[in-house]
Every structure is written in C-alpha cells, then in structure tokens.
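Data first, discussion second: the structure below is written as structure tokens.
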Amino acid sequence: MTTNEVAWLEAEEAPPQRESTWRRLWASRSGRWGLILTGIVLGLALLSAIGATPYDPISQRPADRLQGPSAAYLFGTDLFGRDILSRSMAGVASSFQVAFVAVFISATLGTFFGVAAGFYGNRVRGPLNALTNILFAFPPLLLALALASVTTRNWFTVAVAIAVVYIPIFVRVTRAPVLSLRETDYIKAARVLGFSSGRILFRHVLPNIMPIVIVQVTLSMSWAVLTAAALSYLGLGTPPPTPALGSMVFEAKNLAATAWWTMAAPGLVLIVFVVGLNLLGDGLRDALDPRNESLA
C-alpha cells in the first residue's frame, strides 16, 4: 500500500473539523442547563464521598426527630432525627455509583455486541437480534425487579441487574450506524487494501459511532438513576444503612401530610438529577451533530 493510498483513506474516514464540542455544548441552552444542574448534584455527591456532609447521614438523634427546615437542619430531620440534607447527599452518591457502574457495563457490552452484529453480518446478527428482542419483550423495570429479587442485595448486584436491562438499547443504537458504515467507500477501500478487521473497527468504525454512544450513555444514566430509585423504593436497592433516594421517599410516604420536608428534599434532588442528565443528553446530541449549524 502506498503512502498516498493511506493518506487518502485517513482523510476519508476523518470527521469534519468543527468548533470545540465543549463550546458548542455550552452554547446550547439544554447543554448549559444540563451541565449546571448535573454539576450541582454531582458536587453534593462528591462532598458526601469525601465525608463533607453537615452531619453523619446514618447517625440517629431522637431528640431532634421531625424537625422542620431551619438554620441547624436546612432540609429538616426525619423520623429518627437524621439530617435529611446529609442523607440526600449520601443518597445521590449511592445512586450515582449504581447508575455509573450499570451504564458502564451496559455501554461496554452493548456497544461490543452492536458493533459485532453490524460489522460481521448475519452469522452474528441473527442470534444477537433474537436475544435483544427477547430482552426488549420485558418492561425494563419489571426485568430489573426480577433480576434484583433473585440476587444478593448489595449495590453492585443492583448495578448489574440494571445493566442487563440497558444492554439491548446500546446494541440497537450502535448496530444501525455500523451497518451503514460498512457500506461506505472508505471501509470497502480498507478491505481492498488489506486492512485487518480489528484495524478497521478501531480506526474507522468506533471513532464514527462514539458520538452516538456518548449521547446514549448520558440518557441511559438518567434512566438508571430512576431505576435504582424505584428498586430502592420497593426494598430491592442498596441495603440499609446506606441512604438511597428511593428508600428515603418510601420512608417518608406516610409523613407527607405532617412532615412534608421528609419527602420533598430527596424527591427534589432526584428530579434535579434526572432533569439535568436529560438536558445534558439533549445538549450533547446537538453539540455532536455536524449538521447542526445553530451552535456554530
């Protein structure tokens, strides 16, 4: 293969040079608010991870039970006198840990299977399509609930249960673009020039589908946070004494009329986190789309 042939092939595969993705993301209203809201919530999680909460999130103070919001307890206290702000911060950290591991597993395996199904043809695509369709036949929360109920309760098994639910999504979103890419001129030229399948995948295919994967990761994070909260609410999430947003809402459901702050604080944090992740996903989709000229 000549130097000119290699240069032509690399020029064909290279994505168009565009303005900085971060600058385009910040120029998008959705992206800007997504970064702000997600940054605030993750900042609370980071403070909890380094032990910088106002109080010990699991320490009980019976003398201060059901105290309303005040200078001492900004979000009030719960039925056992525990500081709700500190527990909400720890709950965000717990939810993010579960969601991050779940999406990492599902994105890694789903992208691998999706690329294989799109690139290697029917001998791989057939069995993967059948497995994907079977998993899609179950409602995601029901499937996660079933898997979580038959495993040992700890944060990692909860993350794995959620990951299994989201693997088919990544298979679907990566398989279609790979099917299109394999028919492009530069992929066909790479085969003619003797490039190995591994080199074609890592140098020509994966860089072109990564924007799709990145956007899907962000959107799946929001759904994973909600799923983790739902499992915790049903008693199948991260076991106590580790605080979880879903279990905090469950504990407060009978106090909503008399001690509204016990449910309002964890519920508000959960809403802000999910909305922020969804806005961030929308902003990334716009920022990574080369056809979107409104952010130029």
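The values are calculated or read from the model by the stated rules, or taken from the named source; none is laboratory data. Because the structure is predicted, anything quoted here is derived from the model rather than measured. Ideal geometry is used to build each Cβ from the backbone, glycine not excepted, and the neighbour counts take in all protein chains shown. Calculation scope for accessible area: heavy atoms of the full protein, side chains included, ligands and nucleic acids excluded. Shrake-Rupley method; radii C 1.70, N 1.55, O 1.52, S 1.80 Å.
Pairs are defined by a Cβ separation below 9 Å, a sequence spacing of at least 6 or placement on different chains, a first member in the range 188-206 that is among the polar types (S, T, N, Q), and a second member that is open to solvent by 20 Å² or more (accessible area, probe 1.4 Å) and not in a helix (DSSP H, G or I); the pairs so defined are 197/120. Scan the range 77-122 for residues that are under 24 Å from residue 240 (Cα atoms) and among the hydrophobic types (A, V, I, L, M, F, W, C) and the total you get is 15. Scanning the range 25-75 for residues that are closer than 18 Å to residue 87 by Cα, of a type in the set (Lys, Arg) and open to solvent by 70 Å² or more (accessible area, probe 1.4 Å) gives a single hit, 65. Among the residues of the range 154-190, those identified as of a type outside the set (A, V, I, L, M, F, W, C) and closer than 30 Å to residue 240 by Cβ are 154, 157, 166.
Taking the range 240-272 as the search range and keeping residues that are of a type in the set (S, T, N, Q) and not in a helix (DSSP H, G or I), which one is farthest from residue 49 (Cα to Cα)? Ranking the candidates gives 258 first.
Taken together, the residues in the range 228-239 that are surrounded by fewer than 21 Cβ atoms within 10 Å (Cβ to Cβ) and assigned to a helix (DSSP H, G or I) amount to 2.
Only one entry in 100, 104, 80 is open to solvent by 70 Å² or more (accessible area, probe 1.4 Å), farther than 30 Å from residue 288 by Cβ and aromatic (Phe, Trp, Tyr), namely 80. Taking the criterion of being in contact (Cβ under 8 Å) with a residue 60 or more places away in the chain, open to solvent by 30 Å² or more (accessible area, probe 1.4 Å) and aromatic (Phe, Trp, Tyr), the only residue of the range 144-173 that qualifies is 155.
In the range 174-183, which residues are touching a residue at least 60 places away in the same chain (Cβ under 8 Å) and either open to solvent by 30 Å² or more (accessible area, probe 1.4 Å) or among the charged types (D, E, K, R) (or both)? If the condition is that a residue be touching a residue at least 60 places away in the same chain (Cβ under 8 Å) and either open to solvent by 30 Å² or more (accessible area, probe 1.4 Å) or among the charged types (D, E, K, R) (or both), then 175, 179, 182 are the ones that fit.
Only residues that are more than 26 Å from residue 286 (Cα to Cα) and either surrounded by fewer than 19 Cβ atoms within 10 Å (Cβ to Cβ) or in contact with a Cys (Cβ under 8 Å, 6 or more places away or on another chain) (or both): list them for the range 187-227, please. 188, 189, 191, 192, 193, 194, 195, 196, 197, 198, 199, listed by residue number.
Within the range 172-220, the set of residues being of a type in the set (S, T, N, Q) and either modelled with pLDDT of 85 or more or under 19 Å from residue 136 (Cβ atoms) (or both) comprises 174, 216, 218, 220. Close contacts from the range 45-70, counting a first residue that is without any contact (Cβ under 8 Å) to a residue 12 or more places away in the chain and within 14 Å of residue 243 (Cβ to Cβ) and a second that is assigned to a loop (DSSP other than H, G, I, E, B) and open to solvent by 50 Å² or more (accessible area, probe 1.4 Å), with Cβ to Cβ under 8 Å and a gap of 6+ residues or different chains, come to none at all.
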